[in-house]
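Right, one structure below, let's go through it.
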Amino acid sequence: MSELPLPPTTRTLGASGIAVSPIAWGMWRLAENGRTAADAAKLVHAALDAGITFLDTADIYGFDGSGGFGDAEALLGEVIAAEPALRDRMVLATKGGILPPLPYDQSADYLGAAVDASLRRLQVDSVDLWQIHRPDILAHPQETARVLDDAVASGKIRSLGVSNFTMAQTAALQHFLGNKLATTQPEISPLRIDCFENGELDQAMMLGLTPMAWSPLGGGRLAAPETARDKAVAAALDAVAQAQGVSRTVAAYSWLMAHPAGIVPIIGSQTPARIAEGAQALNVRWTRTDWYAVLVAARGERLP
Ligand code: NAP
């Protein structure tokens, strides 16, 4: 049975030359549950100590529908300010372009100010990756590209990415950008398999984008599957997990990492032990048979 290659111990963000761990840790849920900067520092340490050096946040994280915009960035900023040496140990990614109560804004004026505001909250001079969080249909990609290229030229941003973009939106933005896009961040998980067949990952490989998978456990659904489909996917993952002595969660991350596009799963847990456990995904081996068994369970029908 042919085995798929293990993931490398580091990946680079597109053609940027920026080396990252092949697994990221995400801070969407960081500012929940009254977490203090001391609590947040424990999570940052858990990730870094496990070799998970790629940290993903966004200016909207912490917003709860009425307030809290910027709270997750600000919390990480407090952690970095208290222990500045941490900054050099992490590859720091953030996002902007969602503005409550408006949905999206990628006008040049707004984006330029949003980048500055993120840097202020994070208490850093620059971020390693800045991503447009969701596409703004009312922004011309030429205008968006100009402000992003300016932010790279001024040293505020080291590399650029998109999230939740259609393939055409990614291509249009790249057309106008002087810099090469480094990443794309769609939702991908064993429960969300659209990207495998809709061309997004093929485009990522063609353009040399590193795909980052958001909600790699389906927002936690894989840990407690309820529907027949979710249970079938969990069972296919469990078969590999049990054979190799890892958790279903770890098997799920490694399943994504086995794809040739070099998918970087973003761990969403805010529990130190679960974050650290994610690093085990580097050692899980997949055969083609086992990999496709998960895909078939997710499709709910046999392959043609
Ligand atoms: P996820 O890994 O799919 O779900 C994480 C949730 O599952 C957490 O609440 C976690 O709770 C829970 N969970 C339950 N059992 C778990 C177990 N055994 N192991 C691990 N987690 C378990 O990821 P996500 O939080 O939805 O998203 C991950 C990251 O993707 C975010 O932090 C963010 O960086 C990014 N994201 C991006 C977008 C976008 O539009 N670009 C959208 C959503 C997310 P505990 O904390 O208690 O472990």
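The values are calculated or read from the model by the stated rules, or taken from the named source; none is laboratory data. Note that this is a predicted model, so its numbers are computed, not measured. FYI the Cβ positions are ideal-geometry reconstructions off the backbone, even for glycines, and counts take in every protein chain you see. Ligands, DNA and RNA are stripped out before the accessible areas are found, and what is left, the full protein with its side chains, is counted by its heavy atoms. Shrake-Rupley method; radii C 1.70, N 1.55, O 1.52, S 1.80 Å.
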Next item on the list: Name every residue in the range 159-189 that is open to solvent by 50 Å² or more (accessible area, probe 1.4 Å), touching a Pro at 6+ places or on another chain (Cβ under 9 Å) and in a loop (DSSP other than H, G, I, E, B), in order of residue number.
Entry: THR166
Notebook entry, point to check: Among the residues of the range 260-304, which ones are touching a Lys or Arg at 6+ places or on another chain (Cβ under 8 Å) and outside any strand (DSSP E or B)?
Noted result: GLY262, GLY268, GLN270, PRO272, VAL296, ALA297, ALA298, GLY300
Check: Is there any pair with a first residue in the range 16-42 that is closer than 24 Å to PRO84 by Cβ and a second that is open to solvent by less than 60 Å² (accessible area, probe 1.4 Å) and acidic (Asp, Glu) whose Cβ atoms are under 6 Å apart and which are 6 or more apart or on different chains, and what are they?
Finding: ILE18/ASP128; ALA24/ASP56; GLY26/ASP56
Next item on the list: Look through PHE54, PHE63 and report the one residue that is away from the ligand (no atom under 12 Å from the Cβ) and among the aromatic types (Phe, Trp, Tyr).
Entry: PHE63
Note to self: Quick test of your reading of the structure: ARG229 fulfils all but one of (1) under 24 Å from the mean Cα position of the chain (by Cα); (2) in contact (Cβ under 8 Å) with a residue 40 or more places away in the chain; (3) farther than 23 Å from ALA93 by Cα. Name the failing condition by number.
What the structure shows: (1)
Item checked: Any pair with Cβ under 7 angstrom, 6 or more apart, that starts in the range 69-89 at a residue that is at positive phi and ends at one that is among the charged types (D, E, K, R) and open to solvent by 40 Å² or more (accessible area, probe 1.4 Å) -> GLY70/ARG121
Next item on the list: Restricting attention to the range 256-304, report how many residues are within 16 Å of the ligand (Cβ to nearest atom) and open to solvent by 20 Å² or more (accessible area, probe 1.4 Å).
Entry: 11
Next item on the list: Could you name every one of the helices (runs of 4 or more DSSP H) located completely within the range 1-105 that has at least 1 residues being under 16 Å from ALA117 (Cβ atoms)?
Entry: 71-82
Next item on the list: Report, by residue number, each residue of the range 118-156 that is of a type in the set (D, E, K, R) and within 30 Å of ALA37 (Cβ to Cβ).
Entry: ARG120, ARG121, ASP125, ASP128, ARG134, LYS156
